[in-house]
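First the structure, in the form of structure tokens, and then the observations on it.
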Amino acid sequence: MPVRVQSDDFDGGAEIAKLRTADRSVGAVVAFIGTVRDLNDDAAISELTLEHYPGMTESALQEIVDEAKARFDIRDALVVHRVGALAPGDQIVLVVVTGAHRGMAFDACEFVMDYLKTRAPFWKKERREDGERWVEARASDDEAAARW
């Protein structure tokens, strides 16, 4: 399955290798790894907790991958997204797109991330020095997704 939601960390290199070696027509691999920042809005973050609805989240991610495959001439795509409590520096998300050529692979990878940020049902709570707060959607993420 090209989407996974899990609490365990992932090995980006191993995931890329699996996609590459499974299809010898791949001429380009584009990957994005998102990590937990230690600052948000100039406040120190000690922990980020991601929550989701099992089943619903995987379906939403699968729809995003399916749409990327329909829009772009790519060979395959993978999304691995973590949930649970994460510390600054921890990996959150991996998006890997393979294609015959780099252009479509880059575009598809960016498309998947833009849609993931706006359409995937994840809820983020930050633990900061001044307490906990839910992270609100950013207008910049909506603007990025709107261009597609």
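Residues in segment 2-16 that are of a type in the set (Gly, Ala, Ser) and in contact (Cβ under 8 Å) with a residue 12 or more places away in the chain were compared, and the one that is least open to solvent (accessible area, probe 1.4 Å) is Gly12.
Can you find even one residue in segment 99-112 that is in contact with a His (Cβ under 9 Å, 6 or more places away or on another chain), touching a residue at least 40 places away in the same chain (Cβ under 8 Å) and of a type outside the set (Asp, Glu)?
Quick first cut of segment 99-112, residues in contact with a His (Cβ under 9 Å, 6 or more places away or on another chain) only: none.
For segment 99-112, residues in contact with a His (Cβ under 9 Å, 6 or more places away or on another chain), touching a residue at least 40 places away in the same chain (Cβ under 8 Å) and of a type outside the set (Asp, Glu): absent.
Answer yes or no as to whether Arg75 is buried (at least 19 other Cβ atoms within 10 Å of the Cβ) and touching a Ser or Thr at 6+ places or on another chain (Cβ under 6 Å). For Arg75, the condition - buried (at least 19 other Cβ atoms within 10 Å of the Cβ) and touching a Ser or Thr at 6+ places or on another chain (Cβ under 6 Å) - is met.
Sort out which residues of segment 17-44 are in contact (Cβ under 8 Å) with a residue 40 or more places away in the chain and among the β-branched types (Val, Ile, Thr), and write them in order of number. If the condition is that a residue be in contact (Cβ under 8 Å) with a residue 40 or more places away in the chain and among the β-branched types (Val, Ile, Thr), then Val26, Val29, Val30, Ile33, Thr35, Val36 are the ones that fit.
Among residues belonging to segment 57-84 that are touching a residue at least 40 places away in the same chain (Cβ under 8 Å) and over 16 Å from the mean Cα position of the chain (by Cα), point out the one that is farthest from Ala108 (Cα to Cα). Per the stated criteria, the residue is Arg75. So, Ala105, is that one among the aliphatic types (A, V, I, L, M), at pLDDT 95 or above and surrounded by fewer than 18 Cβ atoms within 10 Å (Cβ to Cβ) or not? No.
Scanning segment 115-148 for residues that are touching a residue at least 60 places away in the same chain (Cβ under 8 Å), over 17 Å from Pro88 (Cβ atoms) and open to solvent by 60 Å² or more (accessible area, probe 1.4 Å) yields Trp123, Trp148. Checking each residue in segment 17-49 for being among the acidic types (Asp, Glu) and open to solvent by less than 60 Å² (accessible area, probe 1.4 Å) picks out Asp23, Glu47.
The values are calculated or read from the model by the stated rules, or taken from the named source; none is laboratory data. As the structure is a prediction and not an experimental result, all values here were calculated from the model. Positions of Cβ are generated from backbone atoms using ideal geometry, with glycine treated the same way; all protein chains shown enter the neighbour counts. Side chains are part of the model used for accessible areas, which takes the heavy atoms of the whole protein and leaves out ligands, DNA and RNA. Shrake-Rupley method; radii C 1.70, N 1.55, O 1.52, S 1.80 Å.
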